[in-house]
Amino acid sequence: MSANSETIDLICRLLEFDTVSSKSNLPLIQWVEKYLLAHGIKSCLSFDPAGGKANLFATVGGQDSGGIVLAGHTDTVPVEGQNWTKPPFCGTVSDGKLFGRGAVDMKSFIGICLALVPELQRSPGKRPIHLALTFDEETSMLGARTLVADLRDRGVRPLACLVGEPTQLKAVVGHKGRRALRCCVSGRSAHSSLPAQGVNAIEHASRIISHLRSMAERHRLHEERHYGYDVPYSTIVTTRIVAGVSTNTVPPECSFDFEFRHLPWTSPDELEAEIRAFAESVVRSDMVKEWSGCDIRFDIESSLPAFGSSCSGEGLATGAAELLELLGRRDAPLGYMAFATEASLFQQAGIPTIVCGPGSIEQAHKPDEYITLTQVAAGEQLLRQLVRANQ
Ligand SMILES: [Zn+2]
């Protein structure tokens, strides 16, 4: 089994566009738009507020509704500070591998989809196939949020969605949700020899952090398990802290970041409400006794719902079950994974979704990112199977 050379050429073309999330993806999107148009397919673009980035949605065979969405993000993580021995923004084939930023995450999947277009156009199947390319997946997921809103507004209701993130072609039906928050504790500064004149923001922040730690411990010990995951319970972690003025000053400010990575049955709203209530009724109420100007503020930095809910696959939505059938994966073991994807947003929008794509996440985000040519070929085979089963 070896990868088609036209597919490799298409992937290499995509790798030539520097679509690091901080930059515009428009040159890539316009190139894909032209490619599709050359095959008689019109694309629909949806933009970010500044107009510098776009999603592309195009339908091959039939009208907009029903059908299977093949979804991939066009942006990549940066290359700065990484020790690349291959040029990141051009495809290099060597040693049975294809190197380049985005090779595995996830321009190969997009290239495989594009290579399939002429065939799809020649013999459209029972259900239309949609291509959905997004922006900003690696950052805010604004692209997918904009895309699903656009589909809703235009009344496009796909049957199911395949997100081609690298799972080594295992069909993944769930990942945890993630909510990241920042907490800013404001106290009052004083000379450290006179601590009673100040309110120590670090010390009060640490009480909130300790409470987060006890919540994490409670989930580790008592939460209902989801054995599909390496860590079968929701986790709560404080990840960063910024505070302090000097070694002889009572610190007036302390801010820290923390996150919940939650199972589908654990509500991030409830976790957030619990920590806010503790901060307000226990910590802040102590602080204002010392000085009325004290405050504690929480901001959500990002929030992504959990994807999937069933341990066994029995609870799969009809569209997802049908998609698994089309992919020839109905009886294969289903997987759960640690990293978050746009699948949660498609699913939240009412589109049953599965994550399944070529390559391994192990090679993503690293210097000399690559995908093996065997995985490219296996990815082609998977989509060919979908096209055949859709006839
Ligand atoms: Zn990705």
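Counting only residues that are assigned to a loop (DSSP other than H, G, I, E, B) and under 27 Å from Val387 (Cβ atoms), how many does region 76-107 have?
Residues that pass the stated criteria total 4.
Give me the residue from region 121-141 that is surrounded by fewer than 19 Cβ atoms within 10 Å (Cβ to Cβ) and among the hydroxyl-bearing types (Ser, Thr, Tyr) and, out of that set, nearest to His39 (Cα to Cα).
The extreme case among them is Ser123.
Does region 73-87 include one or more residues that are surrounded by fewer than 20 Cβ atoms within 10 Å (Cβ to Cβ) and without any contact (Cβ under 8 Å) to a residue 12 or more places away in the chain?
Within region 73-87, one or more residues are surrounded by fewer than 20 Cβ atoms within 10 Å (Cβ to Cβ) and without any contact (Cβ under 8 Å) to a residue 12 or more places away in the chain.
When the residues of region 346-362 are filtered to those that are under 18 Å from Thr76 (Cα atoms) and open to solvent by 30 Å² or more (accessible area, probe 1.4 Å), which remaining residue is farthest from the ligand (Cβ to nearest atom)?
In this case the residue turns out to be Glu362.
Among (1) under 21 Å from the mean Cα position of the chain (by Cα); (2) at pLDDT below 95, there is one condition Thr318 misses while meeting the rest; what is its number?
It fails just one condition, (1).
I'd like the residue in region 150-181 that is more than 16 Å from the ligand (Cβ to nearest atom) and assigned to a strand (DSSP E or B) and, out of all such residues, is farthest from Ile68 (Cα to Cα).
Going through the qualifying residues, I end up with Leu181.
Does region 266-274 contain at least one residue that is of a type in the set (Gly, Ala, Ser) and in a strand (DSSP E or B)?
Step one: of region 266-274, the residues of a type in the set (Gly, Ala, Ser) are 267, 273.
Among the residues that remain, those that are also in a strand (DSSP E or B) are: none.
No, region 266-274 contains no residue that is of a type in the set (Gly, Ala, Ser) and in a strand (DSSP E or B).
Please find, among Ala58, Ala71, the residue that is within 26 Å of Leu169 (Cβ to Cβ) and within 16 Å of the ligand (Cβ to nearest atom).
Ala71
Could you please find all residues in region 168-219 being open to solvent by less than 20 Å² (accessible area, probe 1.4 Å), small (Gly, Ala, Ser) and touching an Asp or Glu at 6+ places or on another chain (Cβ under 7 Å)?
Within region 168-219, Ala180, Ala201 qualify.
Of all residues being open to solvent by 50 Å² or more (accessible area, probe 1.4 Å), in contact (Cβ under 8 Å) with a residue 40 or more places away in the chain and away from the ligand (no atom under 16 Å from the Cβ) in region 329-345, which is nearest to Leu147 (Cα to Cα)? Just the residue, please.
Arg329
Check off (1) touching a residue at least 40 places away in the same chain (Cβ under 8 Å); (2) surrounded by fewer than 19 Cβ atoms within 10 Å (Cβ to Cβ); (3) over 27 Å from Ile236 (Cβ atoms); (4) more than 16 Å from the ligand (Cβ to nearest atom) for Thr146 and give me the number that stays unchecked.
The number of the failed condition is (2).
The values are calculated or read from the model by the stated rules, or taken from the named source; none is laboratory data. Bear in mind the structure is a predicted one, so any value in this text is a computation, not a measurement. Cβ sites come from the backbone with ideal geometry, for glycine too, and all protein chains shown count toward neighbours. Accessible surface is based on the protein model in full, side chains and every heavy atom, while ligands, DNA and RNA are left aside. Shrake-Rupley method; radii C 1.70, N 1.55, O 1.52, S 1.80 Å.
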